[in-house]
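What follows is a single structure, written as structure tokens, with notes after it.
The values are calculated or read from the model by the stated rules, or taken from the named source; none is laboratory data. Keep in mind it's a predicted model, so treat the numbers as computed, not measured. For neighbour counting, all protein chains shown are included, and Cβ atoms are generated from backbone atoms with ideal geometry for every residue, glycine included.
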Amino acid sequence: MRKSSIFAISIFLLALCLTACDSGDIEEHGYSTASGGLTLRFRAQLSSQDDWEETGYGIVLAGFSDQSSYAVLQRPIPLASMNGEEMEMVVSNVSNSISTMELAVTNTLRKRIVTFRTVSLEAYKGRVDTIDIDLGRIDVGLSGFMQQGIFNQACIQCHGGNGRKAGTLDLTDGMALQQLIDVPSSQKPGYTRIVSGDAEGSLLRMILHEGGENLLNYNHTEVLSSQFKESLEDVKNLIDEWINSL
Ligand code: HEC
């Protein structure tokens, strides 16, 4: 089935080329194809326990230029596709102004909150065939968002990433949840790292917010703002959503 359609497409392209050659307008044809932009076929196995739409955010495949954190184009991924099975999504007309395609969380204004995967389009410039990109298996639920979007990007350099476990806390993949959820603080007697279902009562949240500067020997209140300059409030909201969903 696939072979035969590839064959059909090849014949079609050959025919196109021959027509173009005959009429002597190769350049014009090449130009119109380039302005139509790239065609990308993404494959992935996505899973999510959470309905992002209820949070006011969405999981999307989105194209960004270098200049802005608002998506130039985006395709929402429906919850039904986040069932762990192989899914496929074709994005066409990806213009030259787009430098990266990202599997990301965006808000209703298409602003990027965090990114799960980034594909740079630099290497594909000028391609007229359909480009296949396999993103692999990704947890795009709130827990996946915390691990890939927050811990891996802003925390593991001190918490488990290079052998160092500040505050005896390891936030690397596979360790973070069991070390956090309903586990007493090692540094602050009477506090719990994360109280499931209670963001406000969780030490992790307190130390990241204003007022938490002196709770520990290391001030964490600037950790997120240096990493998520433009989406700080959204990131903080989603951390609350996550803790409250536990
Ligand atoms: C630059 C290093 C650094 C970074 C980055 C960092 N931390 Fe920490 N963290 C520490 C240190 C040091 C301690 C121990 C503080 C103490 O001894 O009072 C700590 C302690 C903690 C604790 C308390 C552990 C306990 O049992 O009391 C939590 C929770 C925590 N960090 C979460 C985070 C999170 C979440 C991030 C990312 C958003 C993060 N940290 C980023 C250095 C860091």
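Per-residue answers, yes or no, for (1) at negative phi; (2) assigned to a loop (DSSP other than H, G, I, E, B):
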residue: Gly58; (1), (2): yes, no
residue: Leu61; (1), (2): yes, no
residue: Ser68; (1), (2): yes, yes
residue: Gln74; (1), (2): yes, no
residue: Gly84; (1), (2): no, no
residue: Glu88; (1), (2): yes, no
residue: Asn93; (1), (2): no, no
residue: Ser97; (1), (2): yes, yes
#### Entry: Condition met for Ile181 (near the ligand (Cβ under 7 Å from one of its atoms), closer than 30 Å to Ile77 by Cβ and in the same structural domain as Lys236 (by TED's automatic domain parsing))
no
### Summary
In region 150-169, anything in a loop (DSSP other than H, G, I, E, B), at pLDDT 95 or above and surrounded by fewer than 18 Cβ atoms within 10 Å (Cβ to Cβ) is listed as Gln157, Cys158
### Message
Suppose we keep only residues that are among the small types (Gly, Ala, Ser) and in a helix (DSSP H, G or I) within region 112-146. Which one would you say is surrounded by the most Cβ atoms within 10 Å (Cβ to Cβ)?
### Response
Gly144
### Query
Which of (1) touching a Leu at 6+ places or on another chain (Cβ under 9 Å); (2) basic (Lys, Arg); (3) not in a loop (DSSP other than H, G, I, E, B) is the odd one out, the single condition Arg205 does not satisfy?
(1)
### Message
For the structure I just gave you, tell me whether Val94 is more than 21 Å from Tyr218 (Cα to Cα), within 16 Å of the ligand (Cβ to nearest atom) and touching a Gly at 6+ places or on another chain (Cβ under 7 Å).
### Response
no
### Query
What single numbered condition from (1) surrounded by fewer than 15 Cβ atoms within 10 Å (Cβ to Cβ); (2) part of a helix (DSSP H, G or I); (3) not polar (S, T, N, Q) fails to hold for Pro189?
(2)
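Conditions tested, residue by residue: (1) within 16 Å of the ligand (Cβ to nearest atom); (2) among the aliphatic types (A, V, I, L, M).
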position	(1), (2)
Arg117	no, no
Ile138	no, yes
Ser143	yes, no
Ala154	yes, yes
Ala166	yes, yes
### Message
Condition check: modelled with pLDDT under 95 and either within 30 Å of Ser245 (Cα to Cα) or crowded, with 19+ Cβ neighbours inside 10 Å (or both). Does Glu85 satisfy that?
### Response
no
### Message
surrounded by 13 or more Cβ atoms within 10 Å (Cβ to Cβ), modelled with pLDDT under 95 and closer than 21 Å to Asp132 by Cβ: which single residue out of Gly63, Gly36 fits that description?
### Response
Gly36
### Query
Since Glu222 meets every condition but one in (1) charged (D, E, K, R); (2) within 10 Å of the ligand (Cβ to nearest atom); (3) buried (at least 17 other Cβ atoms within 10 Å of the Cβ), which condition does it not meet?
(3)
